Structures are given as structure tokens and as C-alpha cells.
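*Asks:* Sharing a structure here in C-alpha cells format.
The values are calculated or read from the model by the stated rules, or taken from the named source; none is laboratory data. A quick note: this is a predicted structure, and the numbers were derived from the prediction, not measured. Quick reminder, even Gly has a Cβ in these numbers, built from the backbone with ideal geometry, and neighbours come from all protein chains shown. Just so you know, the surface numbers come from the protein's heavy atoms only, side chains and all, with ligands and any DNA or RNA stripped out. Shrake-Rupley method; radii C 1.70, N 1.55, O 1.52, S 1.80 Å.
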Amino acid sequence: MIERIEKLLNEVDTWSAQDLKALEDLRVKYLSKKGEISQLFNDFRLVPGDQKRVVGQKLNELKNKAQQVLTDLKDQLDNQKQNNQNFDLSRSAYPHPLGTRHPLSIVRNEIIRIFSTLGFTIAEGPEIEDDWHVFSSLNFPPEHPARDMQDTFFIEKNPDLVLRTHTSSVQTRVMEKTSPPIRIICPGRVYRNEAISYRAHCFFHQIEALYVDKDVSYADLRQLLDYFCKEMFGEQTKIRLRPSYFPFTEPSAELDISCNICHGEGCPFCKYTGWVEILGCGMVDPNVLDNCGIDSSVYSGYALGMGIERITNLKYQVKDLRMFSENDLRFLEQFRAAY
Ligand code: DAH
């Protein structure tokens, strides 16, 4: 008898229960009326008198231990259940939510994609530039108003250095180093001394494009613009070129597209004209080619420059330019893109 009790005492230590059913099975098997331990109590009658005290103590020890273990297992199961209830199984398994692309990046990448299908590669230049690359090489006369303190941020210690006011500076950097054919786009940030408001900022972004080769004509430029605008804004988009003036192109033009917000009917964005201006362009002025060591009697080229914020506004109708640089998640989270 005493061995059976000892054996069961050891077994009790190994009891475990996955769920309430398993727990109940244990109870029935050992502690119910016909359970093994209860059975031992029945057999207790047969224990000789002189052993009754020792065996009785052991038996009580077993019963108490078995009851204690069952209670402990029950507590464990209850705790588990509570913990499970605290789990939010609908939560994402990823600890960090995925970010979204900035709208300016989405549009910049789209412009780069369109131009790269035409063989344009990306070129970059510094944001702190010298006067030569921002102005002089680009045929700006010494007294040109764009050099004025109103527009340009000068570096105080060195008046020859400025924050570039346009990405056209990258054109000349590339032309100085490379011989034609040249086919590049230059995305980047530019700076102008403007009061910050919903429609102007002291920094914004541009993309410049430049193509220099033999026999590049205005018709090539027209063809490129038509292709670009249809890719960017949709097949139905119409374009129109208006004569304009830039020191570095001759002839120069500004490009309008049919307003893709009101589709020509007239809205505040196109000021009820049905057209919106999106970029400046023209044939590279021969002086600019010669300034950069490219023989203008052999080569010609076209160039264009556009503001990424402007194109983004047309695509997404962002009414306040400041939103692009405020990092407000409520704004940024509205943009999702594959790249
Ligand atoms: N640099 C001009 C600007 O910032 C844009 C521009 C106009 C670029 C005509 C060009 C161009 O390359 O040909 O307003």
C-alpha cells in the first residue's frame, strides 16, 4: 500500500492539463468516488492496525497534494484564458507601420521614368553653386534682375557663391565635362528668396532636361513635350507653346497644357482659361554651348525646366505649397505609390 501511495505522490508532480476537459479527466481518474486515490481510502480498512498511523498520514498527504495540484492547474488555465483575452488578434504582426512616399517623390520618380524611356540619364550638381554655373555661363547679362538680392540667396562670406536658383546650373556642369550627344535630366532642390505663403516657398524642386547633338531641332522639342505631357497627364492632354524669354535659350517658350482639373471648362486653378503653364523650354542659346566648350556651329540642343511642386499640384490638387514641407502625417499618408 505504502508503495502505491509513494508512486502516486511522484506522479502527481508530473500532472498537466491543456484545458478544462483534461483537468476534469484527472480529477475523475484520481479523486472521484471511484478514482484511484479514493480507492486507496477504501483499502485503508485492510491496513494492519500498527501501520494505520503512518499509512494514514501518507494517504492524507497524497490527497491534499493531489487537490493542491488540481487547484494550481485550474489557476494556470484561468490565467491563460485571461491573457488570451488581452491579445488583440486583429493587430498587424509588423511592429512598424509602412511609410508612404512623399508626393513630390512620387511625381519626380514618374517624370524620371518617362524621360528614361527616351534614353535620358540622371545628372546631379551641387546646391551651393558659383555664379558662373547659375548665371554667367547661362548667358545672364551682368545686370540681369534674376541676380538681384530679391531672388537669390548669396553666401555672405563669398559673394561668388549662391544657393542655386534653378537646376539649369547642372546643364552647364555636364556640358563642360561631356561631349555630345548629351541627354540628361537633372532633378534637384532650388532656392529663392521668396516670402513663404500658400503659393511660394523659399525652396522648391525642379527637373531640368537637356539634349545636345547634331541637328537637334525645335520640332524634336515639340515632339518630346507632346509625348511627356500625354504620358504624365493622360492621352487626352493638349499642349500649347507660348513664345517667352530666357537668357539661356533662343527661341524660348513656355508650355501650357489643357487644364486637367476642369478639362478646359474653366476653374480657379487655370484662372478660367482652360490652360495651365507647366514649364519653360527652348533651343539652347549658341552662347551657352560655346561657354561650355561645345561648338555651336556643329551642335544644337533643346532644354527645359519644370517645377515638381507645380506638376504635383496638377496631379493631386494640393492647394497649399507649405504642406509639402510640413511633414504632417495626415497629409503624407494620403499618398501611396508603387515606387
Ligand atoms: N531655369 C528656368 C527657371 O527656373 C526654367 C527653364 C526655362 C529651364 C527654360 C530651361 C529652359 O532649361 O530651357 O525658371
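*Asks:* Could you give P(r) for segment 67-109, binned at 5 Å from zero, as whole percent values over all Cα-Cα pairs?
*Replies:* Per 5 Å bin, starting at 0, the Cα pair percentages come out as 5, 17, 10, 10, 10, 9, 8, 6, 6, 5, 4, 4, 3, 2, 0.
*Asks:* Could you provide, to the nearest whole Å², the per residue accessible area of the chain with probe 1.4 Å? Kindly include the intermediate steps, with their values, before the conclusion.
*Replies:* Numbers: 19740 Å² over 339 residues.
Heavy-atom SASA per residue in the chain reads 58 Å².
*Asks:* Residue farthest toward the positive end of the dipole of the chain, with Cβ of Lys/Arg at +1 and Asp/Glu at -1: which of N79, P48, L304?
*Replies:* P48
*Asks:* For the chain, place one equal point scatterer on every Cα, skip the solvent, and apply the Debye formula. What is log10 of I(q)/I(0) at q = 0.07, 0.08, 0.13 Å⁻¹?
*Replies:* Per q value, in the given order, log10 I(q)/I(0) is -0.47, -0.52, -1.02.
*Asks:* Related question: Need one number: nm distance between label points at E250 and R322, each 7 Å from Cα along Cα→Cβ, rounded to one decimal.
*Replies:* Here the modelled spin labels are 4.3 nm apart.
*Asks:* Still on this model: Find the centroid of the Cα atoms in segment 109-183 and in segment 299-316, then give the distance between the two in whole Å.
*Replies:* If we compute the Cα centre of each part, the gap is 14 Å.
*Asks:* So if we plug the beta-carbon distance of D78 and L31 into 1/(1 + (r/R0)^6) with R0 = 30 Å, what FRET efficiency do we get, rounded to 0.05?
*Replies:* Values: r = 19 Å, r/R0 = 0.64.
The computed FRET efficiency comes out at 0.95.
*Asks:* With charges only on Cβ, +1 for K and R and -1 for D and E, what is the dipole size of the chain about its Cα centre, in debye, rounded to 20?
*Replies:* 2240 debye
*Asks:* How large are Rg and Dmax for segment 2-86 when only the alpha carbon atoms are used, in Å?
*Replies:* Calculated on Cα positions, Rg and Dmax stand at 15.2, 56 Å.
*Asks:* In whole Hz, what ³J(HN,Hα) sequence does segment 122-129 give by Karplus (6.51, -1.76, 1.60; θ = phi - 60°), x for Gly and Pro?
*Replies:* 8, 10, 10, x, x, 7, 8, 10
*Asks:* Past 31 Å, Cα to Cα: identify those pairs from K214/K315; K21/K52; K21/K65; K214/K319; K177/K238; K157/K319, in the order given. All intermediate terms of the calculation are to be shown ahead of the outcome.
*Replies:* Numbers: K214/K315 35 Å; K21/K52 35 Å; K21/K65 20 Å; K214/K319 43 Å; K177/K238 37 Å; K157/K319 37 Å.
Where the Cα-Cα span goes over 31 Å, the pairs concerned are K214/K315; K21/K52; K214/K319; K177/K238; K157/K319.
*Asks:* If you take the beta carbon distance between D19 and K52 as r and set R0 to 45 Å, what does 1/(1 + (r/R0)^6) give as a FRET efficiency, to the nearest 0.05?
*Replies:* Computed FRET efficiency for D19 and K52: 0.70.
*Asks:* Rounded to the nearest 20 Debye, what is the dipole magnitude of segment 151-213 about its Cα centre when Lys and Arg each give +1 and Asp and Glu each give -1 at the C-beta?
*Replies:* 160 debye
*Asks:* Under 5 Å between amide hydrogens, which residues at least 5 positions from G266 or on another chain qualify, with H placed 1.01 Å from N in the peptide plane?
*Replies:* G274
*Asks:* Order these peptides, 46-52, 124-130, 187-193, by their mean beta-carbon neighbour count within 10 angstrom, highest first.
*Replies:* Going by the mean number of other Cβ atoms within 10 Å, highest first, we get 187-193, 124-130, 46-52.
*Asks:* For the chain, what is the percent of antiparallel DSSP beta bridges, rounded to the nearest 5?
*Replies:* Bridges in the chain are about 95 percent antiparallel.
*Asks:* Something else about it: About its Cα centre, how strong a charge dipole does segment 250-336 have in debye, to the nearest 20, once Lys and Arg get +1 and Asp and Glu get -1 at the Cβ? Before the final figure, lay out the partial values.
*Replies:* Numbers: 7 positive and 13 negative charges, 103 e Å.
Using only the charged Cβ atoms, the result is roughly 500 debye.
*Asks:* Please list 3J(HN,Hα) in residue order for segment 237-252, calculated via the Karplus relation 6.51 cos²θ - 1.76 cosθ + 1.60 where θ = phi - 60°; whole Hz, with x for glycine and proline.
*Replies:* Karplus-based 3J(HN,Hα) across segment 237-252 equals 5, 9, 10, 9, 9, 10, x, 8, 9, 9, x, 9, 10, 7, x, 10 Hz.
*Asks:* What are the extents of the Cα atoms of segment 75-232 along their three principal axes, listed from largest to smallest and rounded to whole Å?
*Replies:* Per principal axis, max minus min of the Cα coordinates gives 88, 42, 31 Å.
*Asks:* Next up: Run the numbers for I155 and E124: contour at 0.36 nm per residue of separation, minus the present Cα-Cα distance, in nm.
*Replies:* Details: separation 31, 0.36 × 31 = 11.16 nm, distance 2.08 nm.
Fully extending the segment from I155 to E124 adds 9.1 nm.
*Asks:* Compute, for R322, the solvent-accessible surface of its heavy atoms (probe 1.4 Å) with the complete set of protein chains present, and express it in square angstrom to the nearest 10.
*Replies:* 80 Å²
*Asks:* Still on this structure, please answer the following. As a test question: what accessible area, to the nearest 10 Å², does S296 have when a 1.4 Å probe is rolled over all protein chains in place?
*Replies:* Rounded to the nearest 10, that gives 40 Å².
*Asks:* Same structure, new question: Determine the share of the chain's accessible area contributed by carbon and sulfur atoms, expressed in whole percent, with a 1.4 angstrom probe.
*Replies:* For the chain, the apolar C and S fraction of the accessible surface comes to 50 percent.
*Asks:* In a Debye calculation with equal point scatterers on the alpha-carbon sites of segment 1-159 and no solvent, what is log10 I(q)/I(0) at q = 0.09, 0.11, 0.19 Å⁻¹?
*Replies:* -0.60, -0.74, -1.18
*Asks:* How large, in Å, is segment 67-138 by the Kirkwood hydrodynamic radius built from its alpha-carbon pairs? Kindly include the intermediate steps, with their values, before the conclusion.
*Replies:* Working: mean 1/r = 0.0516 Å⁻¹.
Across segment 67-138, the inverse of the average 1/r is 19.4 Å.
*Asks:* If you don't mind, there's one more thing I want to ask. Within a Cβ distance under 12 Å of K81, other residues only, what is the Lys/Arg minus Asp/Glu net charge?
*Replies:* My count for the surroundings of K81 gives -2.
*Asks:* Between D88 and Y227, what is the label-point separation in nm under the 7 Å Cα-to-beta-carbon projection?
*Replies:* Label at Y227, label at D88, 5.1 nm between them.
*Asks:* With no other cysteine's Cβ closer than 4.7 Å, which Cys residues of the chain count as lacking a disulfide-compatible partner?
*Replies:* So far as the 4.7 Å Cβ criterion goes, C186, C202, C229, C281, C292 stand without a partner in the chain.
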